[in-house]
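Have a look at the structure below, then the notes.
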Amino acid sequence: MKRLRAVMFNRKASGPGSFPSEIMERISPSEGQRIADIGAGGGFFSLLFSEKVGPKGVVYAVDIEPVFLEYILERAGERGLRNIRVVRGGEIFDSIPGNELDIVFVRNTYHHLPDRTSYFGEVGKLLRPGGKVIIIDYRDTGGLSFHSLFGHHVTMETVEKEMNGAGFLLERSYGFLPRQWFLVFGKDLDGRSPGTAPGG
Ligand SMILES: C[S@@+](CC[C@H](N)C(=O)[O-])C[C@H]1O[C@@H](n2cnc3c(N)ncnc32)[C@H](O)[C@@H]1O
């Protein structure tokens, strides 16, 4: 049953309505980079990152559900991808060294995370200088959508406020996803006050 959820996550993430190529184009991971995919689900994006960063890079697929992590390792094995490390959600800060990551990717998971300001304060310690946190999550589009009915969404103001509290500044937002925010945060190195991020 849980494996089926992993399959469904990947089916949905890979569909045209999720704009995976457009998302990858904006993120544009390069060879050798180290990326954490927090709330990796079935690993659709972890696997894409793994191909892009190549053997010199590393992808940490982080999830609280061990069955999803097993599923991701199996898919990686089938594709001959050896640079994916799976990490249990509760062990992220013990398993990933400080100053390690170029990108932290959090798709459709931010709204699930508890104590987000302190959580991302800790995530900040895992980032290398210049590292980014990319958050894609549902906005409340209203009506009878699953995400609106069950509260699986978050406002941009909430994300920005919590991330500012965690020591990040919104650097960029992309507006092409019809139902989600796509926000790029960098570390607030000198305590600047939040400004308006350029869109695209
Ligand atoms: C809606 S799924 C998104 C999966 C994937 N990111 C995608 O875009 O297809 C949310 C995922 O977050 C995971 N999750 C929930 N709470 C978490 C936590 N505290 N730490 C890590 N993963 C968590 C769930 O197990 C689930 O796989």
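Miscellaneous remarks
- Each residue in the range 120-142 was checked for being part of a strand (DSSP E or B) and of a type in the set (Phe, Trp, Tyr), and 1 of them qualify.
- Look at the range 85-98: where a residue is closer than 17 Å to Ile72 by Cβ and a partner is of a type in the set (D, E, K, R) and within 11 Å of the ligand (Cβ to nearest atom), sitting 6+ places away or on another chain with Cβ atoms under 7 Å, you get Gly89/Asp63.
- Condition met for Phe93 (modelled with pLDDT of 95 or more and under 21 Å from Ala13 (Cα atoms)): no
- Any hit, the range 63-75, residues being modelled with pLDDT of 95 or more, hydrophobic (A, V, I, L, M, F, W, C) and away from the ligand (no atom under 12 Å from the Cβ): yes
- For the range 76-94, filtered to residues that are within 13 Å of the ligand (Cβ to nearest atom), over 23 Å from Val159 (Cβ atoms) and exposed (fewer than 15 other Cβ atoms within 10 Å of the Cβ), the residue that is farthest from the chain's Cα centre (by Cα) is Glu91.
- Subset of the range 98-151 that is away from the ligand (no atom under 11 Å from the Cβ) and of a type in the set (Phe, Trp, Tyr) - its residue that is modelled with the highest pLDDT: Phe120
- Of all residues assigned to the range 46-55, at least one qualifies as being more than 17 Å from the chain's Cα centre (by Cα) and more than 22 Å from Ser18 (Cβ to Cβ).
The values are calculated or read from the model by the stated rules, or taken from the named source; none is laboratory data. Values in this document were obtained by computation on a predicted structure and should not be read as measured data. Heads up, the Cβs are rebuilt from the backbone with ideal geometry, glycines too, and the neighbour counts pull from every protein chain shown.
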